[in-house]
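**Student:** Take a look at this one; I'll ask things after.
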Amino acid sequence: MGILNSFQDHQGYVEEENSQKKMTETCTMDGAVDWNGRPAIRGRSGSWVAAVLILVNQGLATLAFFGVGVNLVLFLTRVLGQDNAEAANNVSKWTGTVYIFSLLGAFLSDSYWGRYKTCAIFQVIFVIGLTLLSLTTYLFLLKPKGCGDEKSPCGEHSNFEFALFYLSIYLIALGNGGYQPTIATFGADQFDEDDPEEGHSKIAFFSYFYLALNLGSLFSNTILGYFEDKGIWTVGFWASTGSAAMALILFLCGTPRYRHFKPQGNPLSRFCHVLVAATRKWKVKITSDGDDLYEEHLKQCPENQSRKILHTRGFKFLDRAAIITSKESNHVDKYAQNPWRLCTVTQVEEVKCVLRLLPIWLCTILYSVVFTQMASLFVEQGAVMKTTVSNFHIPPASMSSFDILSVALFIFIYRRVLDPLVAKLRKRGLTELQRMGIGLVIAIMAMISAGVVECFRLKYARTDCASTDCESPSSLSIFWQVPQYMLVGASEVFMYVGQLEFFNSQAPDGLKSFGSALCMTSISLGNYVSSLLVTIVMRFSSRDDMSGWIPGNLNRGHLDRFYFLLAALTTADLMVYIVCAKWYKYIKFEAKGGDDQNECIRQAELGV
């Protein structure tokens with residue numbers, strides 16, 4: 001009897017232990033699946049184990065990309081023999097192409113390939129492009145040997161060598177462009193936002209993602225930039241290639257751990273379905289409560305990767321696409337098979353989501369104009385300041401390191417100090433829209449700071465400096481630029497990190513990568529708007545007795561007025577943004593859980 005009781009006690013203990021194990025091995029509630037297509041088990045997939053691999057991958061890939069991009073204009077002039085205007089134009093085309101390819105990557109990710117496959121394929125293309133560039137540079141372009149520095153330009157090259165070079169850099173553009181918007185979203189996929197703990201980690205992930213991006217670019221702008229500036233191009237390019245290859249290997253190592261979401265199909269066709277169906281029913285009356293709108297019954301979670309979106313008011317015309325008319329009420333299943341006649345509420349709300357996101361996105365473009373000044377006018381301003389400390393020369397472009405340090409500092413301040421403090425005072429932290437507004441305010445402060453520094457720079461400018469060849473056109477130290485770089489860095493933490501979180505959380509499940517791509521296109525358009533604005537300002541500020549606000553010799557111009565103009569435009573943009581933010585309605589998903597969660601657990605257990 002004692003043995004029997006002991007056996008029963010042991011069996012009861014085993015059953016209790018197995019029961020506790022099953023409780024911990026619950027499925028995620030957001031519909032994620034594992035590598036085998038089964039519902040993802042929370043304890044065995046995703047979370048920070050997978051996210052850290054993605055963060056390191058992002059840092060290494062960014063290092064590789066900027067290892068080429070940061071000095072590409074110098075390579076074109078010193079190695080390929082192009083003049084400054086032609087080289088700058090080619091770099092602009094190449095940069096713009098990167099952002100165009102980001103839309104391609106987002107489309108393929110959301111529609112057909114899924115995020116993991118898209119990241120893997122475009123990273124392979126990225127590594128191939130870097131390898132080809134390194135080989136082409138080493139075997140063909142650096143002729144004679146040792147050329148490519150500031151004092152020893154290289155000789156002429158054949159059309160074949162030019163073709164290899166342009167093929168390699170556009171493969172790099174394709175690989176990096178297609179990969180960038182997808183990897184941010186894929187990293188966020190590793191956290192279940194329906195779980196309180198993982199939901200908080202998901203928000204923190206975007207801050208660390210942006211930090212990883214900045215740290216990667218810091219190494220490129222300093223160490224690799226130094227080697228390439230000295231003409232050691234092969235070492236710089238092979239270092240970029242090795243970094244990208246290491247990033248790809250690390251990414252693939254995490255394959256068994258990642259959580260996945262199945263692609264939802266072509267969003268363009270879904271949008272067309274809604275527009276056509278709504279137009280067909282333009283005479284149908286709409287009820288205010290939305291009870292007559294069609295929605296599919298919630299399926300079991302392994303098959304239902306896309307969450308249902310709850311009906312919202314606004315854009316009532318589109319609601320007609322989901323109205324069940326008296327003719328359709330008796331044969332709903334029949335008409336539901338024709339999306340050109342009857343769409344679900346979720347389909348309609350997808351279109352509404354995109355329409356609501358566009359005004360917010362447009363307001364971020366002018367911020368990107370401020371951001372792009374770091375790579376252009378801030379550098380030109382620094383070049384005409386005192387750039388020496390004792391006998392050490394400080395490259396004006398290296399001042400961007402203060403921006404990166406500011407990003408790291410303010411990410412820490414926000415995550416560890418500001419957000420917890422605000423949460424205690426308001427019972428919740430700042431929303432993404434509020435943080436983006438704060439980013440605009442700090443950007444205004446950055447432009448005012450830059451304008452004030454320029455006023456003082458002009459005050460201490462050398463009157464005998466009649467050209468741009470002066471060694472030090474102003475006696476004001478370049479370190480007076482530190483505040484404007486620090487303010488821009490602080491604004492990035494609030495604007496770009498908030499933007500990443502906002503577009504990821506507010507984009508429908510089938511358009512998550514597209515949301516991340518919007519951030520990249522905002523930066524791209526900011527470059528174009530900045531160039532257009534400079535052209536307009538120079539046209540209207542140039543007179544017979546004046547050389548304009550931004551002439552070749554800044555001592556004869558008024559760069560301060562341009563900075564103050566940007567501050568005024570950003571202020572106006574902030575006013576418009578506040579109106580758009582108040583008008584915006586947050587997307588609401590139908591909750592999952594209960595019986596559906598239990599069914600997920602049951603099916604996951606059967607699949608083990």
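The values are calculated or read from the model by the stated rules, or taken from the named source; none is laboratory data. All figures in this text were calculated on a predicted structure; none of them were measured in a lab. Here the Cβ positions follow ideal geometry from the backbone for every residue, glycine too, while neighbour counts run over all protein chains shown. For the accessible areas, the whole protein counts, side chains as well, though only heavy atoms, and no ligand, DNA or RNA atoms are used. Shrake-Rupley method; radii C 1.70, N 1.55, O 1.52, S 1.80 Å.
**Student:** Under the condition of being open to solvent by 10 Å² or more (accessible area, probe 1.4 Å) and among the small types (Gly, Ala, Ser), which residue from the range 244-283 is nearest to Asp149 (Cα to Cα)?
**Tutor:** Among them, the one singled out is Ala245.
**Student:** Right, another one. Being acidic (Asp, Glu), in contact with a Gly (Cβ under 8 Å, 6 or more places away or on another chain) and either assigned to a helix (DSSP H, G or I) or more than 30 Å from Leu80 (Cβ to Cβ) (or both): is that true of Glu193 here?
**Tutor:** On the way: acidic (Asp, Glu): yes; in contact with a Gly (Cβ under 8 Å, 6 or more places away or on another chain): yes; either assigned to a helix (DSSP H, G or I) or more than 30 Å from Leu80 (Cβ to Cβ) (or both): yes.
Considered against the rule, which asks whether it is acidic (Asp, Glu), in contact with a Gly (Cβ under 8 Å, 6 or more places away or on another chain) and either assigned to a helix (DSSP H, G or I) or more than 30 Å from Leu80 (Cβ to Cβ) (or both), Glu193 comes out as yes.
**Student:** Working carefully through the options Tyr166, Tyr116, Tyr179, find the one that is touching a strand residue (DSSP E or B) at 6+ places or on another chain (Cβ under 8 Å), part of a helix (DSSP H, G or I) and not hydrophobic (A, V, I, L, M, F, W, C). Break it down stepwise before answering.
**Tutor:** Numbers: Tyr166 fails: touching a strand residue (DSSP E or B) at 6+ places or on another chain (Cβ under 8 Å); Tyr179 fails: touching a strand residue (DSSP E or B) at 6+ places or on another chain (Cβ under 8 Å).
Step by step, each of Tyr166, Tyr116, Tyr179 is checked, and only Tyr116 is touching a strand residue (DSSP E or B) at 6+ places or on another chain (Cβ under 8 Å), part of a helix (DSSP H, G or I) and not hydrophobic (A, V, I, L, M, F, W, C).
**Student:** State the number of residues belonging to the range 355-408 that are part of a helix (DSSP H, G or I), farther than 19 Å from Asp229 by Cβ and open to solvent by 40 Å² or more (accessible area, probe 1.4 Å).
**Tutor:** From the range 355-408, those part of a helix (DSSP H, G or I) are 355-375, 377-383, 396-408; that's our starting set.
Narrowing the set further to residues that are farther than 19 Å from Asp229 by Cβ leaves 355-373, 377, 381, 402-403, 405-408.
From what is left, the residues that are open to solvent by 40 Å² or more (accessible area, probe 1.4 Å) are 355, 358, 362, 371, 402, 405.
Summing the residues that are part of a helix (DSSP H, G or I), farther than 19 Å from Asp229 by Cβ and open to solvent by 40 Å² or more (accessible area, probe 1.4 Å) in the range 355-408 gives 6.
**Student:** Among the residues of the range 140-171, write down those that are under 18 Å from Gly242 (Cα atoms) and either touching a residue at least 60 places away in the same chain (Cβ under 8 Å) or surrounded by fewer than 19 Cβ atoms within 10 Å (Cβ to Cβ) (or both).
**Tutor:** Ile169
**Student:** With respect to Thr255, is the statement that it is farther than 22 Å from Asp110 by Cα and either at pLDDT 85 or above or out of contact with any His (no Cβ under 8 Å at 6 or more places or on another chain) (or both) true?
**Tutor:** It is false that Thr255 is farther than 22 Å from Asp110 by Cα and either at pLDDT 85 or above or out of contact with any His (no Cβ under 8 Å at 6 or more places or on another chain) (or both).
**Student:** Tell me, which helices (runs of 4 or more DSSP H) lie completely within the range 505-608 with 2 or more residues that are at pLDDT below 85 and within 30 Å of Arg270 (Cβ to Cβ)? Walk me through it before giving the result.
**Tutor:** On the way: elements: 512-541, 559-583, 595-607.
In the range 505-608, the matching helices (runs of 4 or more DSSP H) lie at 512-541, 595-607.
**Student:** Let me ask you something else. Based on this model, can you work out whether Arg561 counts as more than 30 Å from Phe107 (Cα to Cα) and loosely packed, with under 15 Cβ neighbours inside 10 Å? First the steps, then the outcome.
**Tutor:** On the way: more than 30 Å from Phe107 (Cα to Cα): yes; loosely packed, with under 15 Cβ neighbours inside 10 Å: no.
When the stated conditions are applied, Arg561 does not pass them.
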